[in-house]
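Below is one structure, written out as structure tokens; the observations come after it.
The numbers here are math on the coordinates, done by the rules we state, and not lab data. This is a predicted model, so every value here is computed, not measured. Backbone-built Cβ (ideal geometry, glycine too); neighbour counts: all protein chains shown.
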Amino acid sequence: MKKLIMATGLTVVALTGCAYSQQGNTLAAAKIRALKPANQYLNDVNIRAMRDFVSRYGDVADVLWHRSNDTYVAVFFKDSVQHRVIYSSRGDLSFIMKYYEESRMPRNIRAQVKSTYYDYKIYVVQEIETPDHPTVYIVNLQGDTEWKKVKLCQGEMEILEEFKKGK
């Protein structure tokens with residue numbers, strides 16, 4: 001079950017694109033469109049999703065809603081952290097993704113990563129919260145000769161990807 005949830009989460013991450021900068025609030029996937037063009041309205045968002053979003057985050061400024069075939073995605077910044085809240089087509093919360101820098105990491109997670117990868121710089125952290133499941137952290141690390149992507153969940157750490165830097 002954990003593998004299915006993680007595979008689904010990573011698939012959505014791949015489909016929605018990873019935005020590591022705070023320059024814009026756009027998604028990279030071609031089949032996702034924003035719900036704020038002149039011919040679309042926020043009323044197009046599932047009412048259950050909208051109610052849940054407002055109860056969690058209140059009246060957040062500059063929220064962009066995106067829609068694909070079977071999901072609604074709300075993208076916004078709060079306290080220098082990019083949030084992506086993903087809902088199913090029925091309006092149920094699927095998961096919440098947060099992107100932030102090392103300075104915003106929980107101390108225990110940072111300590112666990114730095115104890116193993118002390119020579120690496122933490123580039124960006126992705127936090128994935130799923131209802132009824134433990135929080136997953138995906139930490140992107142930059143070393144002198146390579147990049148690593150490490151996953152932390154319930155105190156266990158594993159390497160997801162490794163890349164050698166080009167010369």
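Projected label points at Lys164 and Ser103, each 7 Å from Cα along the beta carbon direction, are separated by 3.5 nanometres. Could you give the distance between the Cα centres of segment 121-139 and segment 68-88, to the whole Å? Measuring centre to centre over Cα atoms gives 15 Å. Relative protection proxy for 80-91, 114-125, from highest mean packing down: 80-91, 114-125 (other beta-carbon atoms within 10 angstrom).
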